[in-house]
Amino acid sequence: MIDQQKTTLLIIRHGETEWNVEDRFQGHGDSPLTDAGRAQARALARRMKDIPFDTLVSSDLGRARETASIIAGQTGHTVRTDARLRERNFGDLEGLTFRTIRARHTPVLAKLDSNDPDYIIPNGESLRQHYQRNAAFIDEFIESNPGASVAMVVHGGVLDSLFRLVANLPLDSPRCFVTTNASLSIVHYGMFYGTLRWVIDTWGDVGHLNGIRRYRGLG
């Protein structure tokens, strides 16, 4: 295997939030970490202390920044933020529970369930717009930092974008992967087996959360 100038992404989902527990759409809205979410972040931070990486970058939303700050407290990195790593903008659905959305926004939910990548949520954005925003950050980072390793604290929807990018999955295909809070996923970009490609090393690892509540809520 050849891995010259291999660039590594250590992709982290933020810790559990109050809105995760309440089954509310978060999007660009924000909700603080729960006590369990902070415990998850501390457990992940202890693990990250033993993994060498060059840069720590986070979505600029509070739940991701708080998780990143806890990690930085263990690793000594400075947290950089980038709005392109935000969750999808869910517009009129933000802050609402799934139950409320099913009752009051049935047509919108039906369009979301159809996996139409070009459907724009009222006052929000489409899956394609969100994917393109996330992918733009990744493309820029790889071009500017060949051979580097970056830890990224992001959201469930961003993990969705990145899995599709790495695995070359179409945007309208159903999810075939998990996005658990405080999970760690590791992917590489470089020359593997004679081809410049993405390789998935680890996905959705939560081994560090032994005994701590795990949740797979949205955002």
task: Just subtract the alpha-carbon distance of Ala103 and Phe177 from 0.36 nm times their residue separation and send over the number in nm, one decimal.
output: 23.9 nm
query: Once the Cβ-Cβ distance between Tyr193 and Leu169 is put in as r, and R0 is 25 Å, what FRET efficiency do you end up with, to the nearest 0.05?
result: 0.80
query: Label Thr78 and Asp35 with points 7 Å out from Cα along Cα→Cβ: what is the distance between them in nm?
result: 3.6
statement: If the chain between Thr202 and Asp54 were fully extended at 0.36 nm per residue, the gain over the current Cα-Cα distance would be 51.4 nm
field: Distance (nanometres) between label positions extended 7 Å along Cα→Cβ at Asp92 and Asn210
entry: 4.9
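Dividing the Cα radius of gyration by the Kirkwood radius, what Rg/Rh value follows for region 7-209?
Answer for region 7-209: 0.96.
Express in nm, to one decimal, how much length is gained between Glu143 and Lys111 on full extension, taking 0.36 nm for each residue of separation and deducting their alpha carbon distance.
Working: separation 32, 0.36 × 32 = 11.52 nm, distance 3.53 nm.
Contour length minus the Cα-Cα distance gives 8.0 nm.
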message: Nearest 500 deg cm²/dmol is fine: what mean residue ellipticity at 222 nm does the chain get from its DSSP H runs of n ≥ 4 alone, each adding -39,500 (n - 2.57), divided by its residue count?
response: -10500 deg cm²/dmol
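Read the figures in this text as sums done on the coordinates, not as results from a lab. Here the structure is a predicted model, which is why all the values come from computation and not from measurement. Counting neighbours? That spans all protein chains shown, and the Cβs are built from the backbone with ideal geometry, glycine included.
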